[in-house]
Protein chains: 2
Amino acid sequence: MTEQDLKSLNQPGAPERLLDAAVALFTRKGYHATSVREICETAGVTKPVLYYHYRNKEGVFQAMMGLAVAAHREVLAQVRAADGSAADRILLLCERVMALVLEHPDIVRVIDSVYYGPREGSPALDFESLYGEFDGFLSELVQEGVRRGEFRGDDVEATHLALLGAFLICKASLHINPATAHGCHERPMGLGDLRRVIGTVLDGVRAARAGGKEEQR
Amino acid sequence: MTEQDLKSLNQPGAPERLLDAAVALFTRKGYHATSVREICETAGVTKPVLYYHYRNKEGVFQAMMGLAVAAHREVLAQVRAADGSAADRILLLCERVMALVLEHPDIVRVIDSVYYGPREGSPALDFESLYGEFDGFLSELVQEGVRRGEFRGDDVEATHLALLGAFLICKASLHINPATAHGCHERPMGLGDLRRVIGTVLDGVRAARAGGKEEQR
DNA sequence: GTCTATACAATGATAGAC
DNA sequence: GTCTATCATTGTATAGAC
């Protein structure tokens, strides 16, 4: 191990420190309310250092997004390679993405706050690479389940949305403010909760073995 | 009709114009990024007028919240007074609240952006009076359904969360950015879509008449 | 209730030396 | 790559006249 490697392990360089500082501040104060000055002070560097490594404040945000998109893509690829029933794979997809979310709650909070935030003045967000790919894959899996006769096929879109909602409600628990926790979101949700909620929805769309509606195929 | 009434109908006073301008700007640019200067210019008044009628920028936001909470409370009271099966009342609750949401998309967008936004620097938000009361009522209705034998009672919390998720995913379509629409959210959802998604979840938790698990009662 | 005028801190960003 | 010094701009908020 060279001296260079050792240094980069124990003492992250300015770019890494800037990115960490930015994520922490974006989470706490939001993208707009976080000033370049604060990011630099937290990272222990001066402003021109930020403008040198990243183009500007949005550059820091986009660097963070790049990491998130890459990690998300990797998870999707893993699930695509897995086999099993449609229900198994839907559960696997949701679990894996949720695990990623729970691993990086700050980054997800920042991304969500931009997603649900205003359009003007916010950094560009590569929706398609995040929610879009997840959505699309989930939709494919539902259709596959219908083709295989696993699921009822009377309203594929509603099934897709109900599953997405189940995932969303668990992810939303990341945004709980402990000071004002309420109702269903008195505690953050874990993977176990996700499994139960997804399972409840899947139970409803499973093709009944005896009786019940049956269609196409 | 007095001259005063006529005036207030055709030419809303400074407070109303300020509130309308603020909601529009908060929606487009976000709470933090909207300046007092802009609100006043849009409303056609000068800054001291805003500081006179509302205490400051947050005062304008809280005035908007007050209207939203009042309207929401009224809807909940109407549904509480209604009768029917638990499933009927759950559907009614979701439909009525969704109708309110669709009536005031801008206000909901602003509230959501604060809910999902950062904690520091954001205006205080009376969660309990909005999501909290809705959550609590929905939970009561699910429990009522189990007591009556309408629903399976093996996982009341998961049922509650699945229903909440179904509502959430429909509401989330308000945040679609037409420029970057993706997957399931290519079009905004309407009341018909909500009914289908809620219906799909309800189908899954309904106590089977013949076969299937049956419990407590 | 509404105005003009202003105080004063903080912002994103850069020039130019080292 | 990193620094010091500085820029123009915008932010919230108020004093005091009418």
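See the values below:
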{"quantity": "Helix A:105-115 axis, angle to chain A major axis (alpha carbon atoms, nearest 10°)", "calculated": "80 degrees"}
{"quantity": "Ranked packing of A:22-33, A:167-178, most packed first, by mean Cβ within 10 Å", "calculated": "A:22-33, A:167-178"}
{"quantity": "Neighbour-count ranking [beta-carbon atoms within 10 angstrom, fewest first] of A:Asp83, B:Asp155", "calculated": "A:Asp83, B:Asp155"}
{"quantity": "B:Glu103 versus A:Glu38: modelled label distance in nm, points set 7 Å from Cα along the beta carbon direction", "calculated": "3.8 nm"}
{"quantity": "Lys/Arg +1, Asp/Glu -1 at C-beta; chain A dipole; positive extreme among A:Ala24, A:His53, A:Val197", "calculated": "A:Ala24"}
{"quantity": "Alpha carbon centroid spacing (whole Å) that separates region A:105-136 from region B:126-175", "calculated": "26 Å"}
{"quantity": "For A:Phe151, distant residues with modelled amide H under 5 Å away", "calculated": "A:Val146, A:Ala207"}
{"quantity": "Peptide A:92-99, shielding by other chains (average Cβ, 10 Å cutoff)", "calculated": "0"}
{"quantity": "Shape of the protein assembly as shown, Cα gyration tensor, a/c cut at 1.5", "calculated": "oblate"}
{"quantity": "Semi-axis lengths, Å, chain B, gyration tensor of Cα atoms, sqrt of 5 times eigenvalues", "calculated": "40, 19, 16"}
{"quantity": "Phi to ³J(HN,Hα) by Karplus 6.51 cos²θ - 1.76 cosθ + 1.60 over region A:15-32, Hz, x for Gly, Pro", "calculated": "x, 5, 5, 4, 5, 4, 4, 5, 4, 4, 6, 4, 5, 6, 10, x, 5, 5"}
{"quantity": "DSSP loop GluC sites (Glu not before Pro) with at most 12 other Cβ within 10 Å: longest gap in chain B", "calculated": "B:1-119"}
{"quantity": "Shielding score for B:186-195, defined as the mean number of other chain Cβ atoms within 10 Å", "calculated": "1"}
{"quantity": "Rounded to 10°, Cα long-axis angle of helix A:156-171 versus longest principal axis of chain A", "calculated": "40 degrees"}
{"quantity": "Centroid-to-centroid separation of region B:68-102 and region B:34-58 [C-alpha atoms, Å]", "calculated": "35 Å"}
{"quantity": "Helix axis angle, B:86-103 relative to chain B longest principal axis, alpha carbon, degrees", "calculated": "20 degrees"}
{"quantity": "Rounded to whole Å, sorted largest first: equivalent-ellipsoid semi-axes of region B:87-177, Cα gyration tensor", "calculated": "27, 15, 11"}
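We did not get these values from a lab; they are worked out from the coordinates using the rules stated. Keep in mind that what you see is a predicted model, and the values were worked out from it rather than measured. In this analysis, Cβ positions are derived from the backbone assuming ideal geometry, glycine residues included, and neighbour counts consider all displayed protein chains.
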